[in-house]
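The values are calculated or read from the model by the stated rules, or taken from the named source; none is laboratory data. What you are looking at is a predicted structure, and each value in this text was computed from that prediction instead of being measured. Cβ atoms come from the backbone with ideal geometry, glycine included; neighbour counts cover every protein chain shown. SASA here: full protein model, heavy atoms, side chains in, ligands and nucleic acids out. Shrake-Rupley method; radii C 1.70, N 1.55, O 1.52, S 1.80 Å.
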Amino acid sequence: MLVWHFFHHFIFSKRAGSLIRRISWLSVIAITLSVSAFFIVLFVMSGMNKSIQSRLMALEPHLYVTVPAFSQTSLLEGHPVYQRIKENQDNKAYLFETQDIIIRTQDGQFRGATARGVSSESLSFMIDKLHELDHAKMAKNVSDVYTWEKDELPGAGEVVMGIDLARSLGVFEGDMITIIPPETLLMSMGEAPSFEKVKLRKIISTNLADLDSQFIFYHRGVTLARLSQSAGVSRGIEVWTPNGNNVDSLQKNLEKFDGVQVENWMQRNSALFYALKLEKISIGIFLTLAGLIAGSSILTVLALLLLQKRRDIAILRTIGLSGAQTVKVFTQLGAILAGTGIVAGTIFGVGLSLYIEKFPINVLPDIYYDSQIPAYVDWKLVIVVLVFSAI
């Protein structure tokens with residue numbers, strides 16, 4: 001009761017003096033803003049990371065299974081690992097082949113890319129996933145978003161290209177492009193390089209940088225048959241599970257087969273996830289330092305209070321309040337002042353983050369892969385921040 005009495009009469013009353021009142025209000029406001037900014041920025045970053053992760057899980061196969069000893073894709077269907085994957089009817093497995101290529105346009109533009117050959121069932125599955133993401137995101141209509149329908153699957157001599165790769169090459173749907181394997185660059189003069197001319201059937205936008213800027217897709221076994229024996233071709237099985245977050249058990253099970261290599265979607269994108277995590281930690285540290293700087297203004301309030309209330313402190317000491325108890329009282333005054341800003345900042349920051357989580361904001365220009373600003377409120381982080389703030 002004594003601490004609350006001092007808090008009311010020594011800090012925010014007219015007796016406290018205008019200087020102490022103003023600095024106290026500024027301190028509370030600064031702490032409120034710093035805590036709010038901490039929560040909002042970190043939760044927005046968590047929302048963006050979750051958006052990237054969900055899009056990766058939807059468009060990136062959860063497991064890549066390769067058997068280097070098998071040089072023909074069709075032989076993989078008889079491998080025991082393929083049968084083990086198909087034991088669970090919820091798993092979807094498709095054979096694929098991939099290779100690095102060089103793309104040459106009719107205008108003489110060159111660009112390196114990755115060609116991915118899959119079945120029509122795999123392409124149809126990818127189209128369904130793209131439609132699910134677009135409907136779930138409820139994004140605003142953008143003129144350069146290329147929708148993809150199942151009647152636009154590439155046929156013989158046709159490919160599908162990511163929108164960023166198409167822009168860098170300056171090609172449009174219906175253009176003819178030449179696909180060249182990289183090993184032809186090492187051929188001696190006089191040797192005829194192998195290549196294949198294909199038609200650009202469709203330009204797609206997946207909102208994933210790697211897919212949009214590096215990949216072309218074609219019907220395996222129908223297109224790029226001349227390049228199927230290139231040295232850089234790798235073949236395997238792409239696996240989609242009901243829940244991409246729980247692939248460790250299946251991965252360990254498949255790795256028991258001899259000569260089988262398994263890589264999950266998190267391992268393939270480990271560099272991206274590490275960069276996002278490091279960015280989040282770095283920003284969190286700087287925001288924490290900003291909060292500590294704002295909180296240090298409490299020391300100014302207490303120092304001024306001690307200077308102005310020396311007579312009141314002397315009276316308290318006279319009536320029996322010890323030196324340790326006096327220090328404790330003023331320490332608690334500072335804790336209450338800081339706690340007011342922390343609670344207010346938590347309520348405002350978490351409340352605004354919850355609103356953004358429910359209603360993502362469309363304010364970013366169309367040059368970004370995702371025009372929305374999402375948020376994801378992690379209640380564990382809220383508790384941890386409150387505990388450390390109290391300490």
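Quick notes on this one:
- For the stretch 268-383, the Kirkwood radius over C-alpha pairs fed into Stokes-Einstein at 4 °C and 1.567 mPa s yields D = 70 µm² per second.
- Dipole magnitude of the stretch 262-391 about its Cα centre (Cβ charges: Lys, Arg +1; Asp, Glu -1), debye to nearest 20: 820
- Computed over the chain, Cα set: Rg, Dmax in Å: 30.8, 106
- Of LYS252/LYS277; LYS129/LYS280; LYS280/LYS358; LYS92/LYS150, those spanning more than 30 Å from alpha-carbon to alpha-carbon: none
- Computed from Cα atoms, the angle from the helix 120-137 axis to the main principal axis of the chain rounds to 20 degrees.
- Part-to-part distance (alpha-carbon centres) for the stretch 304-349 and the stretch 66-94, which is given in Å: 71
- In the chain, Cα pairs under 8 Å separated by at least six residues give a relative contact order of 30 percent.
- Sorted on the mean count of surrounding Cβ atoms within 10 Å across their residues, most packed first, peptides 237-246, 102-111 read 237-246, 102-111.
- Debye equation applied to the C-alpha atoms of the stretch 81-135, log10 I(q)/I(0) at 0.17 Å⁻¹: -0.79
- Long-range tail of P(r) for the stretch 51-93 (Cα pairs > 11 Å, %): 72
- By definition, a body whose alpha carbon gyration tensor gives a ≥ b ≥ c is oblate when a/c is 1.5 or more and a/b is not larger than b/c, and the stretch 48-121 fits this oblate description.
- When only the Cβ of Lys, Arg, Asp and Glu is charged (+1, +1, -1, -1), the dipole of the chain relative to its Cα centre reaches about 2740 debye.
- Ranked by the mean number of other Cβ atoms within 10 Å of their residues, highest first, the peptides 64-70, 251-257, 45-51 fall in the order 45-51, 64-70, 251-257.
- Label separation (ILE319 vs LEU386): 3.5 nm, computed from points 7 Å beyond Cα along the C-beta direction.
- Where a label projected 7 Å from the Cα of SER228 along Cα→Cβ would reach, residues of the stretch 192-219 with amide N under 19 Å: 194-199, 217-219
- Gyration tensor over alpha-carbon atoms, the stretch 175-284, equivalent ellipsoid semi-axes in Å: 33, 21, 16
- Counted charge near HIS79, where neighbours are those whose Cβ lies closer than 13 Å (Asp, Glu -1; Lys, Arg +1): +1
- On full extension, the segment bounded by GLN332 and TRP25 gains 108.8 nm, given 0.36 nm per residue less the C-alpha separation.
- Secondary-structure-derived ellipticity at 222 nm for the chain, considering helices only, amounts to -16500 deg cm²/dmol, per-run term -39500 (n - 2.57) for DSSP H runs with n ≥ 4.
- Accessible surface computed residue by residue for the chain, with neighbouring protein chains in place and a 1.4 Å probe, gives 54 Å² per residue.
- For the chain, carbon and sulfur atoms together expose 60% of the accessible surface, with a 1.4 angstrom probe and every protein chain in place.
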